[in-house]
Amino acid sequence: MDRKAGKGKVVVIGMGPGEIDQMTIEAYRAIEESDVIAGYHVYVDLVRDRFPDKKIITTAMRREEERCALALQEAENGADVAFVCSGDAGVYGMAGLIYEMAQDYPSVEIQVIPGVTAALSGAARLGAPLIHDFALISLSDLMTPWEKIEKRLRMAAEGDFAIVLYNPSSRKRADYLQKACDILLEVLSPDQVCGTVRNIGREGEVTRICTLAELRDVQVDMFTTVFVGNQSTRRIGDRMVTPRGYARERQAADSK
């Protein structure tokens with residue numbers, strides 16, 4: 001590699017759902033132009049075969065700081081590093097941690113390339129549930145106290161936002177979606193239209209539309225994204241749709 005030390009960069013890339021055809025052209029080109037691909041091993045495996053000549057750096061789950069440090073060290077030594085994330089790198093991704101840790105690597109340039117987060121790709125599978133204002137909340141309490149998550153759920157429901165839930169369940173948090181539904185049911189109707197999408201854009205993708213009462217007992221995992229409609233959301237055929245308010249706008253215009 002004919003580069004001077006300290007001239008490398010880390011490009012934090014949102015890959016979207018994971019399939020190559022669901023990645024932006026900018027994201028694909030950034031990986032193509034890199035010397036090193038770094039990231040969580042599950043995400044790197046989605047692109048590894050496409051780029052057999054790249055150096056690969058991976059770590060397991062819960063080793064995010066180590067992963068970022070390895071990527072920054074490669075860049076400090078002159079490499080251009082594609083740091084890949086699923087969905088969007090700035091939505092529960094690694095862009096923030098990279099920027100925090102890059103303060104110790106002042107010669108390294110950081111760039112972020114956006115991708116399609118699960119809220120958007122999942123919404124497209126279900127229909128159009130996020131046409132109006134919505135809130136995005138993770139049910140993982142690894143870094144956020146559950147009390148704060150509860151408050152956010154309650155306030156989003158009271159504000160009549162459509163709600164997207166990430167990380168709805170895991171082996172250690174098997175009942176968290178049930179707990180979230182119980183909080184939402186304090187404010188919302190049991191008949192509120194909801195939906196789930198598992199393995200968005202990947203093999204074994206499954207979609208489901210149900211009521212909030214039914215959602216409480218739906219089996220989900222970390223690969224599932226959950227959608228809770230607002231009070232206007234309705235089911236149209238086999239799709240979940242949140243009207244934006246065009247009918248109301250027409251009625252207001254006709255009354256003038």
**OP:** Sort through Asp53, Asp49, Asp35, Asp45 and tell me the only one that's among the acidic types (Asp, Glu), modelled with pLDDT of 90 or more and either at positive phi or touching a strand residue (DSSP E or B) at 6+ places or on another chain (Cβ under 7 Å) (or both).
**Re:** Asp35
Original post:
Which of the following residues is surrounded by fewer than 17 Cβ atoms within 10 Å (Cβ to Cβ) and touching a strand residue (DSSP E or B) at 6+ places or on another chain (Cβ under 7 Å): Asp182, Asp191?
Top reply: Asp191
Original post:
What tally of residues in the stretch 221-240 results from selecting those that are within 12 Å of Ala128 (Cβ to Cβ) and of a type in the set (A, V, I, L, M)?
Top reply: 2
Original post:
Residues of the stretch 22-48 being acidic (Asp, Glu), closer than 20 Å to Ala79 by Cβ and within 19 Å of the chain's Cα centre (by Cα), which ones?
Top reply: Glu26
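The values are calculated or read from the model by the stated rules, or taken from the named source; none is laboratory data. Quick caveat, the model's predicted, so the values are computed rather than measured. Please note: Cβ atoms are built from the backbone with ideal geometry, for glycine as well, and neighbour counts cover all protein chains shown.
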